[in-house]
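Comments concern the structure below.
Quick note: the coordinates plus some simple rules give every number you see, no bench work behind them. Here the structure is a predicted model, which means the values were calculated and not measured.
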Amino acid sequence: MAVHFNQVAIVGVGLIGGSLGMGLKRCGLAGSVVGIGRRVENLQTAVRMGAIDRYVAAATEGVRGADLVVLATPVDTYERHLKEWGASLKPGAIVSDVGSVKGPLVAQAEGLVGERARFVGAHPIAGREKSGVAAGSPELFRGARCILTPTPQTDPQALQKIREMWEAIGATVCTMDPELHDRVLGAVSHLPHVAAFTLINALTDIRERSVPELDLLAYAGGGLRDTTRIAASSPEMWRDICLWNRTNLVAMIEAYEDRLRHLKGLIASGDGVGIEKELERAKQVREKLN
């Protein structure tokens, strides 16, 4: 049988935290799953959907006795949470997370849990543009990649347990240095989200300046929907990701600006051959992406 936890506490029972709870319960990986969150209505929905067995108002009560505590809140809240209930952790408990930024946060979390608990950074690359546990599914992680980000301070047994947990609920697990993780995800995840948010805002500006009498989005086809789907993601979550990975993200934005300026120049000069070459280059790379 796969790894088993007697009690798991999930801090932040939204799309990812709720889907994890559903996966743990369906696969029999946890005896009890406790939910900790801000909104009672959402937590009640989580119980009805089978994401958690119960919920508590006080985080210190929820983590007490837990073998595993998973942080599934916006990354900027990690420090506040760990300071609030870190002293209530069961000695030897594992603390993990699902955040999209790792470098500075892993170092911070390791320092805050100290010797009382063991921290293992994790990032399941799965999600939807909708937030909240109502959008969750126990199948969310099946076939998805989950990156674990161990450091020299990471306990090997805790790392193995977290690996087995994610594999048991269907994820493909790999390990990566926390700083490398942030450079990679800054390129393939954070930059696309910034581009999608910015494109929607640019279209809003264009409408206000050029065709205020029309609703531009009413004329949108599948191309705009496909390109900007992720712009419906949580602004709170993505604000924190932008701030915590800002050095990498700014570099990625600059690289994107360079390519955009290059294409702009080709269009402005009427260079049809150059435009086609630029688009063909992109097409060939995109066709390799499953």
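Things to note:
- The C-alpha radius of gyration of region 180-286, expressed as a fraction of 2.2 N^0.38 Å, stands at 1.22.
- Backbone phi angles across region 59-74, fed through the Karplus curve with coefficients 6.51, -1.76 and 1.60 (θ = phi - 60°), yield HN-Hα couplings of 4, 4, 6, x, 8, 5, x, 6, 7, 9, 10, 10, 7, 10, 10, x Hz in residue order; Gly and Pro are listed as x.
- Close amide H partners of Ala93, meaning residues 5 or more places away or on another chain with modelled amide H under 5 Å apart, are Arg118.
- 5 angstrom amide H check on Phe5, placed H, neighbours 5+ away: Ala30, Gly31
- ³J(HN,Hα) computed for each position of region 17-23 - Karplus, 6.51 cos²θ - 1.76 cosθ + 1.60, integer Hz, glycine/proline x: x, x, 5, 5, x, 4, x
- Region 115-259 shape via C-alpha gyration tensor axes, a/c threshold 1.5: prolate
- In the chain, the ratio of gyration radius to Kirkwood radius, Rg to Rh, stands at 1.03 when only Cα atoms are counted.
- Contact order relative to length of the chain, as percent, for alpha carbon pairs under 8 angstrom and 6 or more apart: 16 percent
- Span from the region 21-47 Cα centroid across to the region 67-122 one, whole angstrom: 19 Å
- Once the chain from Thr77 to Glu115 is taken as fully extended at 0.36 nm per residue, the excess over their C-alpha distance is 11.6 nm.
- Antiparallel bridge percentage (DSSP; both residues within the chain; nearest 5): 15 percent
- Relative contact order computed over region 5-176 (Cα-Cα under 8 Å; 6+ residues apart), in percent: 23 percent
- Computed from backbone phi with θ = phi - 60° and the Karplus coefficients 6.51, -1.76 and 1.60, the 3J(HN,Hα) list for region 35-46 is x, 10, x, 8, 10, 4, 4, 5, 5, 5, 4, 4 Hz; x is used for glycine and proline.
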